[in-house]
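Novice: Please read through the structure below; I'll follow up with questions.
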Amino acid sequence: MDEMFDKIKEQAYKAKDGAVTVAKTVIDKTNDIVNKTKIKFSINETKGKIDDLYLEMGKKVYNYYKATGEVSESMLESCTVIDALMDEIETMKQQIAELDEDVICTYCGANNKKDDVYCSKCGKKIHEAFEDEEDDGVITIVPKKPENDE
């Protein structure tokens, strides 16, 4: 009977040693995965910083182009594409204004409700300083024409 308990005890120790080995392997693999994930996260974070710098550089080049009309030949195509895309955005903003029946401020281009007295973006008075001209449902604010100055 003692012999049977000794064999069970021996098998239990072997099972325990096997479990410890497996646990150590799992822990090592888990630590490897965690460390790799941390490194990959750092790589992506660094790439994000680089992308931010690329974006900032691109904005500087484009702003220089808008201010001076000068840009390297390699950047000219990109700048003209950006101009076209900006025009598309303005067209889409106009479409939204038409749907909302908004008033577009000529000072800053912001959309305002047609009953607003002041521009929600720049604060200029809308209806008192300007007269409304309606075109296809979009009200564009233009300066009042002076009375007869003759």
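Read-outs throughout are calculated quantities, based only on the coordinates presented, and are distinct from any laboratory measurement. Computed from a predicted model, the values in this text were never measured in an experiment. Note: ideal-geometry Cβ built from the backbone for every residue, glycine included; neighbour counts use all protein chains shown.
Novice: Residue separation times 0.36 nm, minus the C-alpha to C-alpha distance between Asn31 and Cys108: what's the value? It would help to have the intermediate numbers written out before the result.
Specialist: Working: separation 77, 0.36 × 77 = 27.72 nm, distance 5.55 nm.
This chain segment gains 22.2 nm when fully extended.
Novice: Next question. For a quick protection proxy, order the peptides 95-104, 52-61 by their average other-Cβ count within 10 Å, most packed first. Walk me through the numbers on the way to the answer.
Specialist: On the way: 95-104: 15.6, 52-61: 11.1.
Ranked from most to least packed, the peptides come out as 95-104, 52-61.
Novice: Over all directions, the average projected area of the alpha-carbon convex hull for region 1-71 comes to how many nm²? Numbers along the way, then the final one.
Specialist: Values: hull surface 21.2 nm².
For the Cα atoms of region 1-71, the hull's average projected area reads 5.3 nm².
Novice: Would you mind checking which residues have amide H under 5 Å from Asp102's amide H? H placed 1.01 Å from N; only 5 or more apart, or other chain.
Specialist: Ile139
Novice: Could you give each residue of region 79-92 its phi-based ³J(HN,Hα) in whole Hz, using Karplus coefficients 6.51, -1.76, 1.60 with θ = phi - 60°, and x for Gly or Pro?
Specialist: Computed from phi, the couplings for region 79-92 are 5, 5, 5, 4, 4, 5, 5, 5, 4, 4, 4, 4, 4, 5 Hz.
Novice: Figure the gain on full extension for Ser72 and Asp100 (residue separation times 0.36 nm, minus the Cα-Cα span) and round it to one decimal in nm. Intermediate values should be presented prior to the final figure.
Specialist: On the way: separation 28, 0.36 × 28 = 10.08 nm, distance 4.11 nm.
So the chain would gain 6.0 nm between Ser72 and Asp100.
Novice: If you line up the Cα atoms of region 1-135 on their principal axes, what length do they span on each, largest first, in Å?
Specialist: Over region 1-135, Cα extents along the principal axes are 109, 45, 23 Å.
Novice: Turning to a different aspect of this structure: Taking amide hydrogens as modeled 1.01 Å from N in the peptide plane, which residues meet the under 5 Å criterion relative to Tyr118, leaving out close sequence neighbours?
Specialist: Close amide H contacts, sequence-distant or interchain: Ile126.
Novice: Can you compute 3J(HN,Hα) from phi for each residue in region 93-107, using the Karplus curve 6.51 cos²θ - 1.76 cosθ + 1.60 with θ = phi - 60°, rounded to whole Hz and x for Gly and Pro?
Specialist: 4, 4, 4, 5, 4, 4, 5, 8, 6, 7, 9, 9, 6, 6, 6
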